[in-house]
Structure formats: C-alpha cells, structure tokens
1. Provide the gained length on full extension for the span Ile223 to Ala174, in nm with one decimal, where the gain is 0.36 nm per separating residue minus the Cα-Cα distance.
2. Determine the gain in length on full extension of the stretch Ala134-Ser101; use 0.36 nm per residue of separation and subtract their C-alpha separation, reporting nm with one decimal.
3. Which FRET efficiency value, to the nearest 0.05, is calculated for Glu161 and Ala44 with the Förster distance at 25 angstrom and r the Cβ-Cβ distance?
4. Tell me, how many Å apart are the Cα centres for region 32-66 and for region 88-137?
Amino acid sequence: MSTAPYRRIASRRRPARPARGSDVAPRAPTFEEAIARVRAALGARPARGLEVPGFRRAGVLVPILARASGPTLLFTRRTDTLPHHKGEISFPGGGCAPLESAPAAALREANEEVGLAPRAVEVIGALDDVPSIARYVVTPVVAAVAAPPPSFVPAAGEVSEPFELPLARLLDPANRRASLWDPARLPPEAAAALLEVQLPFEEVDAATGRWRVWSFHVDPARIVWGLTARVLAELLDRAFGAEPLRR
C-alpha cells in the first residue's frame with residue numbers, strides 16, 4: 001500500500017468517472033462475476049495510504065456475500081448506547097490494536113461484532129484509506145464470503161442489527177444520491193483536524209465550501225451515508241463502473 005502525506009491529499013487526482021448515462025439499472029452480476037471484477041479493479045493499482053498525525057489506524061471489512069438470490073454486502077447498525085456514532089450504519093470493523101494490521105483488525109472485529117469467522121473470509125484487497133471525524137484513518141478491506149452463514153449474531157451492546165443489501169440494488173442509479181453538507185456543523189476540534197484531509201478537492205463545492213455527501217437509499221429504514229457510503233461508492237465506481245453520485 002502506498003502512503004501519501006496528508007497535506008497532499010487535496011491535490012491528488014482520482015481516476016475519471018464513467019460518463020453519465022440513463023438511470024437504467026445495470027445487469028446484476030453473479031457472485032463469481034462480482035468477485036472477479038473486484039479482484040481486477042483492486043489489482044490494477046495499489047491502495048492509496050494516508051498518514052495523519054494524531055489519528056489512529058482502523059480497519060473495516062467490506063464483505064461481499066454469495067446468496068442464492070445474488071451477491072449482497074454486509075452492514076451493521078450500531079447500538080444507541082455507544083459513545084460515538086450511535087445508531088449509525090457501517091461496515092464491520094474498528095480500531096487496530098498495537099502492531100495489528102488493518103486487515104487483521106477488520107477480520108477480528110467482524111468476528112466479534114457479527115460472528116463472521118475469519119476462516120470463511122477471503123481477503124481480496126484494500127480500497128483507499130479514508131479519514132473519519134472520530135480521528136481515525138480507516139482502511140477498507142474488501143473480502144469475498146463464498147459460504148456465508150444463514151444469519152449473523154450481533155454483539156450485545158455494540159451492534160443492534162447486522163443486515164445485507166443486494167449488490168444489484170446498490171448498483172441501481174435510482175438508489176444513489178448526493179447532497180451538500182456544511183462542515184461548520186462539525187465540532188470545532190474535528191473541523192480543524194479534517195479540513196485538509198477529509199475530502200479530495202473534487203468533492204467540495206467551490207462556491208459554498210460545502211462537502212458532497214453520498215447516500216444509498218435501497219431501504220428507507222437503512223440509509224447508507226457518510227464514510228460508509230463513500231467507501232461503498234469507491235468500490236462500485238472502480239469495480240463495476242457505477243457512477244456513485246446521482247445529481
């Protein structure tokens with residue numbers, strides 16, 4: 001994984017996005033097709049690393065599951081009793097222990113949070129590092145789960161529900177939206193830490209300085225947004241040619 005100083009992230013260029021077409025949903029790939037495309041996309045270039053002074057390392061698992069109805073992605077909803085990000089939707093994952101790698105942390109946390117055994121998971125590769133308002137640099141670890149359990153068991157006090165969303169629905173342009181978000185709503189200490197590193201320049205509205213926030217509306221009761229949506233959008237953009245923004 002390559003590592004870029006955080007001061008340069010605002011000037012890096014990302015690959016050109018596919019031209020916008022109609023809002024017709026693409027054909028849903030099979031699990032085997034999906035994994036092949038993800039493997040090819042992640043193997044095309046190294047993940048972009050990020051080092052931010054004062055930020056801890058974290059790993060999240062982005063699991064693609066084989067189901068009879070088609071591939072799905074696994075998410076969790078956090079409980080309302082946690083000190084941070086109460087009730088939010090995320091991928092399984094958490095902070096790295098001392099000397100622990102991001103993939104190891106992602107696998108450990110997925111096992112602890114929902115009972116996904118590491119032996120059932122094939123790690124494919126990593127997406128670009130992403131900074132969070134909780135002062136973490138998050139490494140998204142994409143994985144294949146060819147024989148997932150019928151259901152998952154949430155960790156009491158940490159996960160209120162694990163759930164899956166069909167890849168076909170996530171690829172449907174009608175379920176992807178973008179809005180502009182004012183960074184002034186951040187706590188002052190978070191804003192100071194993130195103004196340089198939170199988003200590449202192309203995701204900031206030049207006229208207002210607001211950030212573009214992505215969201216996926218497959219299930220109205222389970223809207224995926226924020227950092228999790230950004231990670232998801234990068235995966236869909238790179239592996240499936242999906243335009244992550246619907247303007």
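No lab work stands behind these numbers, since they all come straight from the coordinates. As the structure is a prediction and not an experimental result, all values here were calculated from the model. Please note: Cβ atoms are built from the backbone with ideal geometry, for glycine as well, and neighbour counts cover all protein chains shown.
1. 16.3 nm
2. So the chain would gain 10.0 nm between Ala134 and Ser101.
3. So the FRET efficiency works out to roughly 0.10.
4. Taking the Cα centre of each part, region 32-66 and region 88-137 sit 11 Å apart.
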